[in-house]
Amino acid sequence: MDELLPLLDDDEEEQQTFQQASQKPFPLTAAQLTPVETPTFRGAIPEIDVDENQKKKKEPPPDPPLSLFDRIEGYTHTTLKPHLIPPPVEPQPKRGARTKVETNNVGRVEQLSEGEALDALSKEVNKHFCWGKKPLRNLLFTRIGANHAFDYSLKTYGEARFVKWTYKPHVGDVYTRTGSAPSAWDVASPPPRNGFKDDEFSVEVPHTSSTKTCYHCNRFGHVRCFRCMGRGKLKCGQCRGLKQRKHKDRNGRDQIETCTRCAGIGRRRCPECVGHGQTTCDVCVGSGQLRVVIMLTIKRTSLEEHHVSDATLPGQTIQAADGIEVYKERGNRLAPINTFANESVNTHSHHAIQAHASKIRGKARMLYQQQLVRAVPVHECDYAHDSRAYRFYVVGTDHNVEVDDYPQKSCMGLCAIL
């Protein structure tokens, strides 16, 4: 690398400082380099100065060739892009005996009084500015029915693993890979920490790292300057290398004068490399070496399925309401529920477990699952107002109200006036 260092004048202290800085793993800016008159780049350069173009942008370095990386057993298809590693096939666990769950275990729904129903409706009406409160004073309840809606949910937490080659600058001794690399699914990982929340982290695959010569600068730590193409100088952008420029005086006559931008030289020192003709390599940032390693990315995601047994109300309404937890099961791989007294819960449990197994098969390993059944009380409240029948629902133990029709929803245009 010594032959590529800038040739400073007589200041040995400055030259020593530059040499030390060039060996550090970070790129040197033009402000950190000492300007020179003679380029230090030793590669191929154009025969003449290139035009000064301030808009020219530095292109990103190319990706490394795959020949840079070792061929490791079990990872021969690994590239710079994430590659999914299918999980090993796991034997189906034995199913234990199930306890039959009857809806009678839930208990009967506590009857809602007319006062409680009216209070719940009143709170809902107060949420809507345009709804009138007059019907609340003279409505007449005709029937209040009570029943349970069952909210079934299945959650599946799975883990997928991806591998790819990575590289970064390396400073220090050269070392080669030793030992046999474990398979992607044998690499140890921490246990799940967030329940069913999505999580992602990366770890290095053991025995896959080694140091390589930087493919971009071939160990030199510097590459040809993209702006001056290694010459250290640029053709003056004002006089275009002619050393003079022509302009009009106040009388409109042509005048020729020495170019003030280049001081009549016709060329200017490259601002990118300050005359060196080379800049710090962006790949190894001056170190000349790279550390390559296979990185394992572990992604943990959850699937969720819901089913509500009561089709008279939207499923979101039942799911948002508070209820009673009547069935909960958690394990590595669950079997469908087949003993619940409500047959729609059994049917949907079977479909949901099959759907989740199909979605992750060959893509991720199932960590654990959870089945939950909640009994949500639903009160169907019929009432009359001005000889017309109306209905609303009081849902959940928190008495949420679902109402489609109300006697006075109009504000007679007051909203538009306000």
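The values are calculated or read from the model by the stated rules, or taken from the named source; none is laboratory data. Since we're looking at a predicted model, the values are computed, not measured. Here the Cβ positions follow ideal geometry from the backbone for every residue, glycine too, while neighbour counts run over all protein chains shown. Ligands, DNA and RNA are excluded from the accessible area calculation, which covers all protein heavy atoms including side chains. Shrake-Rupley method; radii C 1.70, N 1.55, O 1.52, S 1.80 Å.
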Filtered residue count, the range 219-253, keeping only those that are in contact with a Gly (Cβ under 7 Å, 6 or more places away or on another chain), open to solvent by 20 Å² or more (accessible area, probe 1.4 Å) and of a type in the set (A, V, I, L, M, F, W, C): 2
Residues satisfying the stated conditions in the range 120-130, i.e. open to solvent by 30 Å² or more (accessible area, probe 1.4 Å) and either in contact with a Phe, Trp or Tyr (Cβ under 7 Å, 6 or more places away or on another chain) or free of Cβ contacts under 8 Å to residues at least 12 places away in the same chain (or both): Asn126, Lys127
Condition met for Ala352 (outside any loop (DSSP other than H, G, I, E, B), crowded, with 17+ Cβ neighbours inside 10 Å and either in contact with a helix residue (DSSP H, G or I) (Cβ under 8 Å, 6 or more places away or on another chain) or at positive phi (or both)): no
Qualifying residue in the range 80-92 (condition: modelled with pLDDT of 50 or more, farther than 30 Å from Lys328 by Cα and loosely packed, with under 11 Cβ neighbours inside 10 Å): yes
Total residues in the range 131-140, condition exposed (fewer than 14 other Cβ atoms within 10 Å of the Cβ) and not aliphatic (A, V, I, L, M): 4
Residue within the range 302-318 that is part of a helix (DSSP H, G or I), open to solvent by 20 Å² or more (accessible area, probe 1.4 Å) and of a type outside the set (S, T, N, Q) present: yes
Unique match (being assigned to a loop (DSSP other than H, G, I, E, B) and at pLDDT 90 or above) among Asp70, Asp10: Asp70
Breaking point among (1) surrounded by fewer than 20 Cβ atoms within 10 Å (Cβ to Cβ); (2) aliphatic (A, V, I, L, M); (3) not in a loop (DSSP other than H, G, I, E, B), for Ala335: (3)
When residues of the range 195-214 are limited to those that are open to solvent by less than 50 Å² (accessible area, probe 1.4 Å), β-branched (Val, Ile, Thr) and outside any loop (DSSP other than H, G, I, E, B), the one farthest from Lys299 (Cα to Cα): Thr211
Sole residue being surrounded by 10 or more Cβ atoms within 10 Å (Cβ to Cβ), of a type in the set (A, V, I, L, M) and modelled with pLDDT under 90, chosen from Ala31, Ala21: Ala21
Number of the condition not met by Thr317 [criteria: (1) touching a Pro at 6+ places or on another chain (Cβ under 8 Å); (2) more than 27 Å from Asp63 (Cα to Cα); (3) of a type in the set (S, T, N, Q)]: (1)
Filter result for Arg231 (out of contact with any strand residue (DSSP E or B) (no Cβ under 6 Å at 6 or more places or on another chain) and part of a strand (DSSP E or B)): no
Residues located in the range 149-194, provided they are open to solvent by 30 Å² or more (accessible area, probe 1.4 Å) and closer than 30 Å to Glu343 by Cβ: Lys155
